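Student: Can you read through this structure? Questions will come right after.
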Amino acid sequence: MRKVVFYGATSLDGYLADQNYSLDWLFKYDDEKIMRESYQPFFEHVDTIIMGRQTYDDLMSMSDEFPYPNNEVFVLSHRKINSKYVKQTDKPINELVDELKKQKGKDIWIVGGGKLVSSLLDNNLIDTLQIQITPDLLGSGVKLFNNINNTSNFETIFAKQYGDLVDIKYQLKGTTA
């Protein structure tokens with residue numbers, strides 16, 4: 001069965017982006033080794049991506065080219081998106097994920113958004129969290145976890161240091177790698 005995976009970097013105090021939705025603090029960590037040993041193997045197991053509208057807008061402001069043209073990409077939004085690469089949907093996230101998990105395919109990557117991640121955790125719909133933690137303290141911004149109402153039981157299955165980054169993989173207990 002397909003797995004739902006969050007893969008992304010946070011500051012030491014748990015922020016995905018700073019208070020201006022910027023990732024500039026993260027770009028100083030240009031480490032080819034973590035890309036080669038962590039991100040690329042992860043991405044080989046993904047064929048579907050889900051993100052919120054803010055994440056999509058931020059992503060598109062950083063590049064002229066869509067970074068995932070060969071994946072099925074869903075953007076949760078009530079506003080229309082004019083892109084041949086994404087499917088805009090206003091379907092509740094838990095319904096979308098339930099439908100996608102029943103389909104054949106590779107893993108489903110949750111990109112960005114603490115609200116999105118927290119909602120999925122509340123509904124026990126994330127199987128794996130793979131987080132790269134930097135030593136930065138941002139103090140405010142976009143948190144990875146927001147107002148989680150349901151406790152989940154994860155176990156650490158992998159941890160590796162890449163310079164100043166620590167790559168940690170957590171898996172929901174009772175699921176297989």
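The values are calculated or read from the model by the stated rules, or taken from the named source; none is laboratory data. This is a predicted model, so every value here is computed, not measured. Note: ideal-geometry Cβ built from the backbone for every residue, glycine included; neighbour counts use all protein chains shown.
Student: Does region 1-17 hold any residues that are farther than 17 Å from GLY52 by Cα and over 12 Å from the mean Cα position of the chain (by Cα), and which are they?
Tutor: Taking region 1-17 and keeping what is farther than 17 Å from GLY52 by Cα, we get 1-3, 10-14.
Within region 1-17, MET1, ARG2, LYS3, SER11, LEU12, ASP13, GLY14 qualify.
Student: Next question, about the same structure. So, of the residues in region 58-70 that are within 17 Å of THR48 (Cα to Cα) and buried (at least 17 other Cβ atoms within 10 Å of the Cβ), which turns out to be modelled with the highest pLDDT?
Tutor: Taking region 58-70 as the starting set, the residues that turn out to be within 17 Å of THR48 (Cα to Cα) are 59, 66-70.
Going one step further and asking which of them are buried (at least 17 other Cβ atoms within 10 Å of the Cβ), we end up with 59, 68.
On the way: LEU59: 85, TYR68: 93.
Only one residue tops the list, namely TYR68.
Student: Hey, can you tell me all the residues within region 6-39 that are farther than 14 Å from GLY113 by Cβ, among the aliphatic types (A, V, I, L, M), in contact with an Asp or Glu (Cβ under 8 Å, 6 or more places away or on another chain) and not in a loop (DSSP other than H, G, I, E, B)?
Tutor: Once the filter is applied, which keeps residues that are farther than 14 Å from GLY113 by Cβ, among the aliphatic types (A, V, I, L, M), in contact with an Asp or Glu (Cβ under 8 Å, 6 or more places away or on another chain) and not in a loop (DSSP other than H, G, I, E, B), region 6-39 yields only ILE34.
Student: If you go through region 83-93 one residue at a time, do you hit one that is under 23 Å from LYS173 (Cα atoms) and either assigned to a loop (DSSP other than H, G, I, E, B) or not small (Gly, Ala, Ser) (or both)? Even if it seems obvious, please write down each step before you answer.
Tutor: Just the residues of region 83-93 that are under 23 Å from LYS173 (Cα atoms), to begin with: 93.
If we keep only those that are either assigned to a loop (DSSP other than H, G, I, E, B) or not small (Gly, Ala, Ser) (or both) as well, we get 93.
Looking through region 83-93, at least one residue is under 23 Å from LYS173 (Cα atoms) and either assigned to a loop (DSSP other than H, G, I, E, B) or not small (Gly, Ala, Ser) (or both).
Student: Can you pull out every residue in region 120-167 that is among the β-branched types (Val, Ile, Thr), more than 24 Å from LYS28 (Cα to Cα) and surrounded by 15 or more Cβ atoms within 10 Å (Cβ to Cβ)? Write out each step before concluding.
Tutor: Initial filter on region 120-167 (among the β-branched types (Val, Ile, Thr)): 126, 128, 131, 133-134, 142, 148, 151, 156-157, 166.
Within this subset, residues satisfying the condition of being more than 24 Å from LYS28 (Cα to Cα) are 126, 128, 148, 151, 156-157.
Matches in region 120-167: ILE126, THR128.
Student: Something else now. Condition (residue is over 19 Å from LEU138 (Cβ atoms) and at pLDDT 90 or above) applied to region 19-34: is it met by at least one residue?
Tutor: Taking every residue of region 19-34 in turn, at least one turns out to be over 19 Å from LEU138 (Cβ atoms) and at pLDDT 90 or above.
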